[in-house]
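The values are calculated or read from the model by the stated rules, or taken from the named source; none is laboratory data. Not measured: the values here are computed from a predicted model. Ideal geometry is used to build each Cβ from the backbone, glycine not excepted, and the neighbour counts take in all protein chains shown.
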Amino acid sequence: MPTNANPAQNSPTSNGGTFRLIALMLLALIGLGASIALSQHFYELRSGASGFKSYCNISSTFNCDVVATSSWAEALPGLPVSSVAAGWYAGLFFLYLIAMSFGYRKEALRVALTLTAFSAAATLFYLYLMIAQIGTYCLLCLGLDAINFVSLAVLISLKPTGKISMAHWKGFSAVMAISLFVAVVGLKGLDTSSESSSGSSAKERAESIMNREITAISVSPDDLMLGPANAGVTIVEFSDFQCPFCRIGAFTLHAVMSRFPKDVRVVMKPFPLDPSCNRFVNHSMHPVACEAARAAVCAAQQGHFEGTYEAIFQNQESLAPGKSAEYARQAGANPAQLASCMASNESLARIQATIEEANQLKVQSTPTFYINGRRIEGVETLPVWTEVIQRLLR
C-alpha cells in the first residue's frame, strides 16, 4: 500500500515551505512593480504627459486610461489607490523576508495570510467596480488581482498556525506602516502637475472658470471634432500643432474624454502661429503649423481626423515638412485625395476662417479653450477639468 506523504513537507518550516516563501516574495515584487507603473500612469494622465496610446489600452473593453481617470482610482483626492498597493506589496515582501528566519516564520506568515485575505476581499470589490461601475478593465489591475489570489492560495497551503504576541503584532504593523508611508510619499514625486501659480485647489479653479462670462462659439458638423456630437459638454480648442503647450492640452483632453466618454466632445479650431496662412503673425514661430493644420482638415474629410490629430501631436518634436501628410496617410487617408486637398484653396480657406474667428474672440495665445462658452487660457490639469465638467453636467 502507498504510504502517505510526510506531513512535515507541508510545514512552513520545511524546504517546500521555503520554496513557496520565495515564490511569494517574487509575487510581491511583481505586484510592487505593477503598482509603481500604475501610479506613474495615474500621475501622467493628470499632468498631461501620458500621450494618447497607453501600452495597456487595447480596446474599449480593456483600457487602462478609463480606469485610471475614474474616481475609483483614487484612495484620496489626488492619491492613487495604486500607490497604496505599492506600499502594501512592499510591506508583504518584508514580511516574507522576515519569515525566511525560522524563528519568526509562522508568525510572519500568519500576519501575511491575514493581510492577503484582506487584499483578496478588496480585489473582489474592485473587480465589481470594473464590471458594474466603470465597464472597462485594466490589464495591470487584473494582473494584481491574480497575484492576490495566487498569494492567498500559497499562504493557505503553508497552513501557518499559532498565536501572535502583541510585541510581534506591533513590529509587523510598523513594517507595513513604514512601507505604506515610503511608497505613497515616494511615488507622489511622480506627480508633476500643478494647480496654478497661486497654489489654488481644483475646486477653486473650477469655481473661477464657472463664474466667467459665457461666449457664443459657433460649432458646425464640418468642424474637426472628437467625441459624440450630442455631448452635454463641448470644449472648443484654438490650437497649434507645433505649440508645446497645445500638445500637453491635447494629452489632458484625451484623459478628460476617457473619463467622460459620453458627455464630452472636443472641437479643434486650428490657429497656427505661422504667417504662411495666418495674417496676424509677422514672423514664423511654427514653420510647419499651417501644413499640419491642412493635413488634419483634409484627413477629416476622409474620416481620419482623430488618428492624424493624435499622430501629429504625439510626434510633435520631430515634425518637419511633409511629415504631417505622412501621419495622415498612416492614419488611413487616401494619398491622392489628401495631396489634392492639401494643395487646394478650400483647405486654406477653412483654416483662415478659424483664424479670423480666433481674432474676433481676441485669442492671443495657444491653447485657448472654451468649455460651454467659458474661456480658459493655457493648460489645466485633469482635476480642474473634471471638477468643471461635473458641475456643468449637474
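Remark: residue 340 matches the filter, which requires a residue to be surrounded by fewer than 17 Cβ atoms within 10 Å (Cβ to Cβ), at pLDDT 95 or above and out of contact with any strand residue (DSSP E or B) (no Cβ under 6 Å at 6 or more places or on another chain). Considering only residues in region 271-295 that are of a type in the set (A, V, I, L, M, F, W, C) and surrounded by fewer than 24 Cβ atoms within 10 Å (Cβ to Cβ), the one that is modelled with the lowest pLDDT turns out to be 285. In the set 166, 176, only one residue is hydrophobic (A, V, I, L, M, F, W, C), over 22 Å from the mean Cα position of the chain (by Cα), loosely packed, with under 11 Cβ neighbours inside 10 Å and assigned by TED's automatic domain parsing to the domain that holds residue 75; that residue is 166. Residues in region 27-81 that are hydroxyl-bearing (Ser, Thr, Tyr), part of a helix (DSSP H, G or I) and within 13 Å of the chain's Cα centre (by Cα): 5 in all. Looking only at residues in region 233-250 that are part of a loop (DSSP other than H, G, I, E, B) and either in contact with a strand residue (DSSP E or B) (Cβ under 8 Å, 6 or more places away or on another chain) or without any contact (Cβ under 8 Å) to a residue 24 or more places away in the chain (or both), the one that is surrounded by the most Cβ atoms within 10 Å (Cβ to Cβ) is 241.
Of all the criteria given as (1) at pLDDT 95 or above; (2) in a loop (DSSP other than H, G, I, E, B), the one not satisfied by residue 221 is (1).
Would you say residue 253 is closer than 23 Å to residue 298 by Cβ, surrounded by fewer than 21 Cβ atoms within 10 Å (Cβ to Cβ) and among the aliphatic types (A, V, I, L, M)? Against the criterion (closer than 23 Å to residue 298 by Cβ, surrounded by fewer than 21 Cβ atoms within 10 Å (Cβ to Cβ) and among the aliphatic types (A, V, I, L, M)), residue 253 does not qualify.
Does residue 124 fit the bill of being out of contact with any helix residue (DSSP H, G or I) (no Cβ under 8 Å at 6 or more places or on another chain) and closer than 22 Å to residue 181 by Cα? For residue 124, the condition - out of contact with any helix residue (DSSP H, G or I) (no Cβ under 8 Å at 6 or more places or on another chain) and closer than 22 Å to residue 181 by Cα - is not met.
Residues in region 312-326 that are surrounded by fewer than 24 Cβ atoms within 10 Å (Cβ to Cβ) and part of a helix (DSSP H, G or I): 314, 316, 317, 318, 323, 325, 326. One residue stands out among those in region 279-311 that are aromatic (Phe, Trp, Tyr) and outside any loop (DSSP other than H, G, I, E, B): the one that is nearest to the chain's Cα centre (by Cα), which is 309.
Using the structure shown, decide if residue 89 is aromatic (Phe, Trp, Tyr) and at pLDDT 95 or above. Taking the combined requirement at face value, the residue satisfies it. Considered as a group, the residues in region 347-366 that are in contact with a helix residue (DSSP H, G or I) (Cβ under 9 Å, 6 or more places away or on another chain) and under 18 Å from residue 291 (Cα atoms) include one that is surrounded by the most Cβ atoms within 10 Å (Cβ to Cβ), and that residue is 366. Residue 23 fails exactly one of the following numbered conditions: (1) part of a helix (DSSP H, G or I); (2) under 20 Å from residue 113 (Cα atoms); (3) modelled with pLDDT under 90. What is the number of that condition? Tallying (1) part of a helix (DSSP H, G or I); (2) under 20 Å from residue 113 (Cα atoms); (3) modelled with pLDDT under 90, residue 23 fails exactly one: (3). Restricting the first member to region 348-360 and to residues that are in a helix (DSSP H, G or I), and the second to residues that are of a type in the set (Gly, Ala, Ser), the beta-carbon pairs closer than 8 Å and six or more apart or on different chains are 351/293; 357/218.
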